[in-house]
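To keep things clear, I will list the structure first and then write my remarks on it.
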Amino acid sequence: MNEVKGMAQRQQEAMQKAAQQNGNGQMDPESKAKIAAIMATAQAKIQIQAKTNAQKQAMKQLQFEQKTRQDEVKNRLSIQKDLTEHAATLHKTEVETTQNVRLNKLKSFGEQ
C-alpha cells in the first residue's frame, strides 16, 4: 500500500519537475490527466487492499471461533467419556463387592 502511494507521489513530482522545465511553471493538461489517473489508481488499490485485509481478518476471526467451538466440544466429549468409564469402574467394583459379601455370608452360613 505504501509502495503505491510512493509511486504516485514520485510520478507527481516527476510531472511537476517536467512542467517546471517547460519554463512556464504550469503543467500541460495531458500531464495533469496522467497524475489524476495515477492518483485515482493508487486510491483504488489502497481501498481494495483495505477491504482485502478486512476480509482476511474477518475470516481469521471466524476460523478462530470455529476452532474454539470444536475444541470445547472435543473437551466435553472427552470429559463425558472419562466420567462414563469411571462410573462403569465404580459399578463393577460395587457388583464385585456385593458378590463377595454374599459369598462370605453363604460360607459363614455353611460353616455353622
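Read-outs throughout are calculated quantities, based only on the coordinates presented, and are distinct from any laboratory measurement. Being a predicted model, the structure only gives us computed values, none of them experimental. Note that we place each Cβ from the backbone using ideal geometry, even for glycine, and neighbour counts take in every protein chain shown.
Can you tell me the orientation of helix 29-111 relative to the chain, as the angle in degrees between its alpha-carbon axis and the longest Cα principal axis, to the nearest 10?
Result, in degrees: 0.
If you build a Gaussian network model of the chain, linking Cα atoms that sit under 10 Å apart, which residue out of 80, 99, 55 swings the most?
99
With point charges of +1 on the Cβ of Lys and Arg and -1 on the Cβ of Asp and Glu, referenced to the Cα centre of the chain, which listed residue (103, 55, 43) lies farthest in the positive direction of the dipole?
Result: 43.
Run the quick spin-label model on residue 2 and residue 43: label points 7 Å from Cα toward the beta carbon, then report their separation in nm to one decimal.
Here the modelled spin labels are 2.3 nm apart.
State to the nearest 20 debye the size of the charge dipole of the chain about its Cα centre, where the only charges are +1 on K and R beta carbons and -1 on D and E beta carbons.
Around 160 debye, computed over the chain.
If you only keep lysine pairs separated by 8 or more in sequence, or across chains, how many in the chain come under 16 Å at the Cα atoms?
5
Output the 0 to 90 degree angle, nearest 10, between the alpha-carbon long axis of helix 2-21 and the longest principal axis computed from the alpha carbons of the chain.
On a 0 to 90 degree scale, this one is about 0.
What are the extents of the Cα atoms of the stretch 2-111 along their three principal axes, in Å, largest first?
Its Cα atoms span 130, 15, 9 Å along the three principal axes.
Given the options 41, 98, 52, state which has the largest fluctuation in a GNM of the chain using a 10 Å cut-off (strictly under) for Cα springs.
Highest fluctuation of the listed residues: 98.
Which net charge results for the neighbourhood of residue 61, defined as the other residues with beta-carbon distances under 15 angstrom from its beta-carbon, given Lys and Arg at +1 and Asp and Glu at -1?
+3
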